[in-house]
Amino acid sequence: MTDTANAWTEERLAELRKLWDQGLSISQIGDALGVSRNAIAGKAHRMGLPKRPSPISKSTSETKKPAKPKAPVEPVNLPLRLELRKLQWSRSKCCWPSGDPKLNGFSFCGDTIVPGKPYCLKHCEEAYTTSRDNR
Ligand SMILES: [Zn+2]
């Protein structure tokens, strides 16, 4: 991205407004104008353009977080933490995965966790003792 790409000329503002009216997604408009999604979103906000749902969030429609949740420290190596966030799984419950995350029957253990750990006692033992079965 160059400096000129960040400059909002009248021409580019008109283009942004036009593409916005055409119903293009923020990222599509960003591509067209050569600026980041954030730049488009910020500019559109300042211009008072009507909001539109981000296409990225369509698969998480049941996820309604009003504000930033308090963010406890998450284990960095928990492979399913994104899935967990999506499912809004209670952090006081064991998040040991059960089944295949790509399949429908996928769920989490749900037992009460060991304080400070992401899993219940049984799964803590499984997680921290069976490193050979590294899932
Ligand atoms: Zn468990």
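Just so you know, all these numbers are worked out from the coordinates, no wet-lab data involved. Owing to the predicted nature of the structure, the values given are computational and were not obtained by experimental measurement.
What to note about this one:
- Residues with amide H under 5 Å from that of SER107, placed H, sequence gap 5 or more: SER98
- Between LEU121 and ALA32, full extension at 0.36 nm per residue minus the direct alpha carbon distance yields a gain of 26.8 nm.
- Across segment 116-125, computed HN-Hα scalar couplings (Karplus, 6.51 cos²θ - 1.76 cosθ + 1.60, θ = phi - 60°) run x, 10, x, 10, 6, 3, 4, 7, 4, 4 Hz from first to last residue, x flagging Gly and Pro.
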